[in-house]
1. Could you compute the net charge surrounding VAL207? Neighbours are other residues with a C-beta less than 13 Å from the C-beta of VAL207; K and R count +1, D and E count -1.
2. Report, by chain and number, residues whose modeled amide H sits under 5 Å from the one on ALA71, excluding near sequence neighbours (fewer than 5 apart, same chain).
3. Going by how many other beta carbons lie within 10 Å of each one, how would you line up PHE134, PHE158, PHE171, fewest first?
4. Along Cα→Cβ, 7 Å out, is where each label goes; now give me the distance between the ones at ARG69 and ASP161 in nm to one decimal.
5. Within the set of other residues whose C-beta is less than 15 Å from the C-beta of ASP152, count the net charge using Lys and Arg as +1 and Asp and Glu as -1.
6. Order these by the 10 Å Cβ neighbour count, fewest first: ILE95, ILE78, ILE165.
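Readers should treat all values here as calculations from the given coordinates under stated rules, not as data from a laboratory. Quick caveat, the model's predicted, so the values are computed rather than measured. Ideal geometry is used to build each Cβ from the backbone, glycine not excepted, and the neighbour counts take in all protein chains shown.
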Amino acid sequence: MALLVGLTACGDGSDAVAGDRASSSDSASPSAAASDGARRGGSTPATGRSVPGPGGGGATAPVVPRGERPARVSIPSIGVDAPVGRLGIRGDGAIEVPDDARRTGWVTTTPAPGQQGPALIAGHVDSTTGPAVFYDLRTLEPGDAITVTREDGSTVDFTVDGLQIYPQDDFPSAAVYGPVPGPVLRLITCGGEYDASRGGYQDNVVVYAS
């Protein structure tokens, strides 16, 4: 029903399994060799680049009925079951990021998951101590299940339709955030080459689900 996208949640990878990243044959994202659990336990996000959010700095939040705000997101195929906080849009138009690498965040200027349009959930790829909540996001495949639990305990189920990796310098905001005929979900995190001299990861991983 919806698709998750996490946009500005990039770590700098300073302590994030440098050996795994260097040995990976896939330059489009961090290595997926690390397991979930303990290696995803770091709580302090590393600094990183930012990505433009939907509507820029003047975006306004849609009306979300009481109880329908997202509270948790579960992605069984990659072992994710994480709290969902709230993220806004900074004055420069970029998406805020979760302050805890183990948590995700719903961008409140997008519909709530299950409402008409693209809901956006962002999460970090790594932290100052290792992989973060969306470290394995890039391994999702069409057909994988995503469940969002709302504050009132109800759930909204989504199925992954596809995954794209976009350069941060040429992020297709219209394609990711644009109008759609039904409720969809976007999940976003960082990926691609890690370049400290250029501010961190150079790409964004976007998962599309409906």
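1. Details: positive: ARG138, ARG186; negative: ASP136, GLU141, ASP144, ASP161.
Charge balance in the 13 Å sphere: -2.
2. Placed amide hydrogens put THR149, ARG150, GLU151 under 5 Å from ALA71.
3. Details: PHE134 34, PHE158 27, PHE171 18.
Ranked by crowding around the Cβ, least crowded first: PHE171, PHE158, PHE134.
4. Result: 2.7 nm between the two label points.
5. Values: positive: ARG66, ARG69, ARG72, ARG150; negative: GLU68, GLU151.
Computed value for this residue: +2.
6. On the way: ILE95 26, ILE78 18, ILE165 14.
Going from sparsest to densest Cβ surroundings: ILE165, ILE78, ILE95.
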